[in-house]
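Here the structure comes first, spelled out in structure tokens, and everything after it is commentary.
The values are calculated or read from the model by the stated rules, or taken from the named source; none is laboratory data. Because the structure is predicted, anything quoted here is derived from the model rather than measured. Quick reminder, even Gly has a Cβ in these numbers, built from the backbone with ideal geometry, and neighbours come from all protein chains shown.
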Amino acid sequence: MLSTDSVDAYYGLFQALFGLSFSVSPGETVALIGSNGAGKSTLLKTIVGAVGVRRDGVRLDGEDVGGDSEPRQLARGVALVPEGRRLFGSLTVLENLQLAARNGRSGPWTIPRLMQEFPVMKEFQHRPSTALSGGQQQLVAISRALVCNPSYLLCDEISLGLSPLAVNEVYRLLSRARSEGLAVVLVEQNVTRALAESDRFYCIQKGRVALSGKSAEADHAKVAQAYFGM
Amino acid sequence: MSDFSTMIPEAPKVLRITLVLPVVTMAVCALLIALPWYSSFATQRLLVEGFTVFAIAMAWNLLAGYGGLVVVGHQMFVGVGAYALFASSNWLGLNPWLCLPIAALVSALFSLISSVPMFRLSGAHFAVGTWVLAEMLHILTLNTTWLGAGAGMPLDALGGFDRWTRNAGVYWAALAAGLGALAIARTILRGRLGLALMSVRDDEPAALASGVSVRIAKLSLWVISGTLTGLAGAVSYMNTLQVTPDATFSLNWTAIAIFTSVLGGIGTLEGPLVGTLLYFLLREVFADYGAWYLIGLGMLAIATMVVAPGGAWSLITRRWPIDLFRVRRDMPKL
Amino acid sequence: MQIAIETLVGGLMLGALYALFGLGLSLSLGVMRMINIAHGDLIVLGAYLCSVIMQLLGVGPFLSLILVVPLMFVIGMLLQSLLLNRVVGGGTLSPLLLTFGLSIVLQNVLQETFSADTRSLQAGDLALRGFHLGGVSIGLLPLLSTVVSVVIFAGTNWLINGSHLGRQARAVADDPATARLVGVDDRNFFALITGFILAVIAIAAVLYGIRTPFAPSSGPERLLYSFEAVVLGGLGNIWGTFIGGVIIGVAQLFGAKVSSGLGPFFGHLVFLATLLARPDGLFRRTQR
């Protein structure tokens with residue numbers, strides 16, 4: 001299980017998270033919803049090692065892993081698909097995947113398999129990765145994380161700026177991965193989509209958990225209240 | 001919203017030495033001005049070196065610490081100022097002290113003209129670009145016979161003064177340069193230019209968006225800094241009586257400016273003061289050790305960048321929040 | 001006319017050596033976004049190391065490389081891990097000032113150890129041999145330097161484009177934060193790069209030391225030429241650095257023909273003039 005225990009996080013002097021506790025079990029999909037600046041991305045960055053935190057702030061499978069660097073967390077099986085996709089423009093689609101695969105763990109997700117599942121990626125593999133459409137880039141970005149064979153995949157706003165068709169494609173890939181036991185943490189602006197695709201949810205507001213529960217039983221009125229802090 | 005006041009940290013209490021400072025300052029100034037009457041020539045020459053190095057270091061510090069313009073070719077201003085003084089005094093047959101304003105003017109013009117190519121560059125490119133320009137001037141002067149080429153020029157007119165007058169005159173010029181540097185720096189930083197520069201230093205895009213004319217701010221700083229350095233350089237070479245290309249356009253000038261600013265603390269007014277004192281202290285103590293002194297200085301600079309990038313002054317202010325020259329601006333309490 | 005061609009050819013070959021000086025700087029500026037003011041002094045250090053090994057073991061300069069290249073590689077890794085990694089990513093000021101201090105230390109340590117006298121690496125009459133091609137006289141050593149430089153550039157280019165190491169380098173140059181997310185450990189990686197840079201410097205140092213007498217104070221000039229080659233060619237473009245070096249070499253030799261003391265001056269002039277016209281250099285960052 002991946003969890004945070006009452007964790008605080010700072011950007012310099014600015015405190016972004018206030019005693020936030022959250023958990024995700026193997027095979028589970030958890031949604032993080034909340035308005036802009038609530039702290040959802042910060043939570044993901046804290047888990048993956050991009051933002052410093054105290055040692056026992058983040059626990060993975062019983063071990064204290066808080067504050068370790070991103071490559072260390074990747075080796076432990078925690079991968080982040082960053083907001084805005086952030087593919088390497090100097091590398092082709094294939095090279096983006098090769099780079100990640102070489103640094104990641106071995107497992108069922110391989111480059112040939114991804115090429116097979118997404119012929120469009122195979123077609124574009126030698127193009128500079130930023131010369132693709134938004135939806136295609138998002139597929140590559142998720143594949144880049146998948147190819148490291150993580151146990152926990154953290155996804156930051158993967159439907160942002162995508163057409164509805166592209167969003168469906170992206171979630172199709174995600175459900176394929178989930179069906180093989182991958183645990184996913186979804187940060188999603190689209191609340192309906194987030195609740196539909198997850199088992200549990202947390203609503204974050206001003207760096208604190210305002211509401212949490214099972215997605216299927218979510219009361220939309222309560223969620224709206226928690227979301228907007230009313 | 002009630003949350004705001006807890007988000008902004010309380011501004012540290014700054015020790016304001018209000019009444020004591022002006023009295024002390026005037027006493028110190030009086031002592032310094034009267035110096036030629038109660039000290040030796042050797043002391044005066046050392047102080048001339050000290051004041052001019054301080055002025056040059058302060059000028060460099062203003063550029064790097066406040067303007068974000070790191071210059072590795074600072075020696076170009078020294079050379080231009082020194083040669084302007086010597087050339088104008090020698091060719092016009094004028095009293096060298098009267099030629100100091102000419103040296104200042106030439107330095108200012110040079111700063112203005114050189115800003116055109118230099119400001120097209122930024123960051124590390126700018127830093128080394130200034131060095132390239134300095135090297136070009138160095139090579140040009142080396143190859144220009146009417147400036148004395150490699151052997152340089154003496155300052156003819158100085159021969160007409162007796163030793164006491166000459167030394168005192170150079171000393172007072174240096175004192176003016178040093179105090180002037182301090183006064184200019186303080187005036188800039190307490191005024192609009194300083195506010196503009198600090199806003200650019202903190203966040204350039206935000207400064208631009210707020211209407212700060214970044215270009216004019218940086219250009220003003222460049223010209224002021226260049227003029228100050230040229231003037232200080234001219235006075236410094238009045239002390240040594242001879243200009244040569246190798247000496248005036250030497251990278252050592254930048255090295256001294258960098259060391260004193262780094263050791264003392266970049267981006268503060270007190271820094272170059274502390275740094276210059278440290279520099280000369282170390283030099284007097286370790287004079288016999290030759291190159292080992294320079295090695296030690298270099299390692300000190302490295303250690304400072306690693307351990308205390310804010311220099312010695314930052315170590316002092318960590319303990320006691322002192323603002324000697326009252327240039328820090330506090331956040332208003334809400 | 002023949003003099004013009006000879007000067008051109010000579011300039012091309014000198015430029016190839018300058019390009020080799022600049023390759024390391026191109027990598028550190030491009031991947032680590034850091035300028036190393038001590039770069040030129042490290043070249044001089046390499047030359048002195050060769051000189052020492054040559055004297056100790058009684059071998060020629062090229063044989064001494066067998067020891068000097070690995071030695072410089074290790075020095076590079078240590079330099080990065082212990083010192084430079086502390087200031088990477090901290091803006092322009094910190095690396096510049098730290099490496100400036102390093103430059104002073106290196107120059108003075110070399111001066112204390114070896115005195116301020118110039119020396120060169122003895123390679124028999126290699127420095128004097130040459131041949132004629134179509135009426136143009138070509139020195140053997142400059143030709144060798146050019147070939148070595150082209151080979152190293154081609155090799156580095158292949159590494160950058162075709163290897164895992166190269167992919168990591170390009171990724172870090174694009175986006176260091178995201179590179180960490182895909183497992184690039186930049187601390188170790190940077191150490192590897194600086195090790196590689198110093199190994200290349202070692203080879204360039206030998207070619208330089210045979211050709212030109214050097215002294216502890218020769219460093220800064222080497223840095224300036226390296227820097228001009230890199231910036232002229234355009235950051236992030238390996239072959240750009242090569243072209244940049246060649247341009248500086250040609251400018252210097254033609255300048256020296258005009259007036260013997262003004263060679264480097266013309267190099268500087270061409271550099272500044274080109275930079276004013278194209279502030280980002282002649283070539284853009286290579287995109288595949």
- Which condition does residue A:161 not pass, out of (1) modelled with pLDDT of 85 or more; (2) within 23 Å of residue A:195 (Cα to Cα), if it passes all the others? (1)
- Determine whether the range C:243-252 contains at least one residue that is part of a helix (DSSP H, G or I), surrounded by fewer than 19 Cβ atoms within 10 Å (Cβ to Cβ) and more than 17 Å from the chain's Cα centre (by Cα). no
- Those residues that are hydroxyl-bearing (Ser, Thr, Tyr), over 20 Å from the mean Cα position of the chain (by Cα) and within 9 Å of chain B (Cβ to nearest Cβ), I need them from the range C:86-126; list them, please. C:92, C:94
- Message: I'd like the full set of residues that are farther than 18 Å from residue C:225 by Cβ and either facing chain B (nearest Cβ under 9 Å) or touching a helix residue (DSSP H, G or I) at 6+ places or on another chain (Cβ under 8 Å) (or both), limited to the range C:265-279.
- Response: C:276, C:279
- Filter the range A:182-194 down to residues that are surrounded by fewer than 20 Cβ atoms within 10 Å (Cβ to Cβ) and either touching a strand residue (DSSP E or B) at 6+ places or on another chain (Cβ under 8 Å) or within 23 Å of residue A:80 (Cβ to Cβ) (or both), then give me how many there are. 4
- Taking the range A:4-14 as the region of interest, how many residues are assigned to a strand (DSSP E or B) and surrounded by fewer than 15 Cβ atoms within 10 Å (Cβ to Cβ)? 4
- Can you work out which of the residues in the range B:270-298 that are in contact with an Asp or Glu (Cβ under 9 Å, 6 or more places away or on another chain) and touching a residue at least 12 places away in the same chain (Cβ under 8 Å) is nearest to residue C:37 (Cα to Cα)? B:280
- Note on the structure: The condition from (1) away from chain B (no Cβ under 14 Å); (2) over 21 Å from residue B:297 (Cα atoms); (3) surrounded by 24 or more Cβ atoms within 10 Å (Cβ to Cβ) that residue C:42 misses is numbered (2)
- Quick one: would you say residue B:262 is farther than 20 Å from residue B:186 by Cβ and touching a Leu at 6+ places or on another chain (Cβ under 9 Å)? yes
- How many residues of the range A:100-145 are away from every other protein chain (no Cβ under 13 Å), touching a residue at least 60 places away in the same chain (Cβ under 8 Å) and surrounded by 17 or more Cβ atoms within 10 Å (Cβ to Cβ)? The answer is 1
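Per-residue answers, yes or no, for (1) within 27 Å of residue B:104 (Cβ to Cβ); (2) in contact (Cβ under 8 Å) with a residue 24 or more places away in the chain; (3) not in a helix (DSSP H, G or I):
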| residue | (1), (2), (3) |
| --- | --- |
| B:172 | yes, yes, no |
| B:175 | yes, yes, no |
| B:179 | yes, yes, no |
| B:187 | yes, no, no |
| B:193 | yes, yes, no |
| B:197 | yes, yes, no |
| B:200 | yes, yes, no |
| B:206 | no, no, no |
| B:215 | yes, yes, no |
- Note on the structure: The one condition residue A:80 fails out of (1) modelled with pLDDT of 90 or more; (2) assigned to a helix (DSSP H, G or I) is (2)
- Unmet requirement for residue B:270, which otherwise passes all of (1) of a type in the set (Asp, Glu); (2) away from every other protein chain (no Cβ under 13 Å); (3) farther than 22 Å from residue C:94 by Cβ: (3)
- Of the listed residues (A:146, A:154, A:162), the one being hydrophobic (A, V, I, L, M, F, W, C) and touching a strand residue (DSSP E or B) at 6+ places or on another chain (Cβ under 6 Å) is A:154
- Could you tell me whether any residue of the range A:62-80 is under 13 Å from residue A:48 (Cβ atoms), more than 8 Å from chain C (Cβ to nearest Cβ) and surrounded by 24 or more Cβ atoms within 10 Å (Cβ to Cβ)? yes
- Is it true that some residue in the range C:217-236 is touching a Pro at 6+ places or on another chain (Cβ under 8 Å) and free of Cβ contacts under 8 Å to residues at least 12 places away in the same chain? no
- Do you know which of the residues in the range C:60-115 that are in contact with a Phe, Trp or Tyr (Cβ under 8 Å, 6 or more places away or on another chain) and of a type in the set (Phe, Trp, Tyr) is surrounded by the fewest Cβ atoms within 10 Å (Cβ to Cβ)? C:114
- Item | residue A:56 of a type in the set (Asp, Glu), in contact (Cβ under 8 Å) with a residue 40 or more places away in the chain and on the phi > 0 side of the Ramachandran plot | no
- Message: Tell me whether the range A:87-99 contains one or more residues that are at the interface with another protein chain (Cβ under 7 Å from one of its Cβ atoms), in contact (Cβ under 8 Å) with a residue 12 or more places away in the chain, at positive phi and not hydroxyl-bearing (Ser, Thr, Tyr).
- Response: no
- May I ask you to say which residue of C:87, C:44, C:68, C:9 is touching a Cys at 6+ places or on another chain (Cβ under 6 Å), touching a residue at least 12 places away in the same chain (Cβ under 8 Å) and not small (Gly, Ala, Ser)? C:68
- Message: Being within 19 Å of residue A:158 (Cα to Cα) and surrounded by 19 or more Cβ atoms within 10 Å (Cβ to Cβ) is the requirement here; does residue A:210 meet it?
- Response: no
- Task: Those residues that are part of a loop (DSSP other than H, G, I, E, B) and under 15 Å from residue C:61 (Cβ atoms), I need them from the range C:112-127; list them, please.
- Result: C:120, C:121, C:122, C:124, C:126, C:127
- Answer yes if at least one residue in the range C:159-175 is more than 14 Å from every other protein chain (Cβ to nearest Cβ), assigned to a helix (DSSP H, G or I) and touching a residue at least 24 places away in the same chain (Cβ under 8 Å), and no otherwise. no
- Working carefully through the options C:255, C:209, find the one that is over 19 Å from the mean Cα position of the chain (by Cα), within 22 Å of residue C:139 (Cα to Cα), surrounded by 20 or more Cβ atoms within 10 Å (Cβ to Cβ) and away from chain A (no Cβ under 14 Å). C:255
- Task: Pairs only if they're at least six apart or on different chains, beta carbon under 7 angstrom, first in the range C:180-194 and without any contact (Cβ under 8 Å) to a residue 12 or more places away in the chain and closer than 14 Å to residue A:72 by Cα, second of a type in the set (Lys, Arg) and assigned to a helix (DSSP H, G or I); list them, first residue then second.
- Result: C:182/A:144
- Residues that are polar (S, T, N, Q), within 23 Å of residue B:115 (Cβ to Cβ) and surrounded by fewer than 22 Cβ atoms within 10 Å (Cβ to Cβ), drawn from the range B:215-257: B:220, B:250
- Task: Determine, yes or no, whether residue B:123 is within 14 Å of chain C (Cβ to nearest Cβ) and in contact with a Pro (Cβ under 8 Å, 6 or more places away or on another chain).
- Result: no
